[in-house]
């Protein structure tokens, strides 16, 4: 079986590792039988963000949820480290480039394969990172929050957890809409800082050698971050600030 300790303790991550394991077995079987009908490669993808052309980033993603819960409690979390977001349309171009590389080229210079693995693994994320401090400043400016409207991460989580679903009934918004992070507290408490702020860095050397898009990828711009905020507002995800509930 695949080693589950290699992934985050999430069903989604375990499922992806299981798929790699099955692909590895299939690839080994085909090669043993002398078949060359399948060119196998697995691409491990980092954090995708909304497309550069529209800025429409799904509200079901944890970044949108953090922004919305911050809007509700009127405070953003203080985060250190960096984000490696890559817009989904840019990632799609890179995927096409990786798919078009011949099997022989990948195999001859495959730095990721081991004697126990017969197929190739490539990584895809934005190697040009953006500091969370910069991102949060742009969020704050576009959410009418001041530089003082911040909380340390643990205090921010505690505020989100305390608020729960206790939202002012006079606001035409469902509790889950207003404080969506109440649904993903386990992920935020256990995995977000490690996975989302630079604790896990994917080795892009091999993928960059095949993909011009990854080689030329720039950090997300101020304008794109603002476009994400505008997109959430346009989807009526970010609404007027909600009054704090009494302690």
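What follows is calculated from the coordinates using simple rules that are stated; it is not laboratory data. None of these values were measured; they are calculated from a predicted model. Cβ: placed from backbone, ideal geometry, glycine included. Neighbour counts: every protein chain shown.
Summary of computed values
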| item | result |
| --- | --- |
| Footprinting exposure proxy for 121, 184, 220 (fewest neighbouring C-beta atoms within 10 Å first) | 184, 121, 220 |
| Mean-position separation - Cα centroids, the range 81-95 and the range 115-164, in angstrom | 15 Å |
| Residue exposure sequence - 123, 29, 14 - by fewest surrounding Cβ within 10 Å | 29, 14, 123 |
| Cβ-based exposure ranking for 53, 19, in which fewest neighbours within 10 Å come first | 53, 19 |
| Length released on extending from residue 53 to residue 93, taking residue separation times 0.36 nm less the Cα-Cα span | 13.1 nm |
| Per-pair calculated FRET efficiency, R0 = 51 Å: residue 154 and residue 33 via Cβ, rounded to 0.05 | 0.40 |
| Net length gained if the chain between residue 203 and residue 131 were fully extended (0.36 nm per residue, minus Cα distance) | 24.0 nm |
| R0 of 45 Å, Cβ-Cβ distance residue 15-residue 147: FRET efficiency to nearest 0.05 | 0.65 |
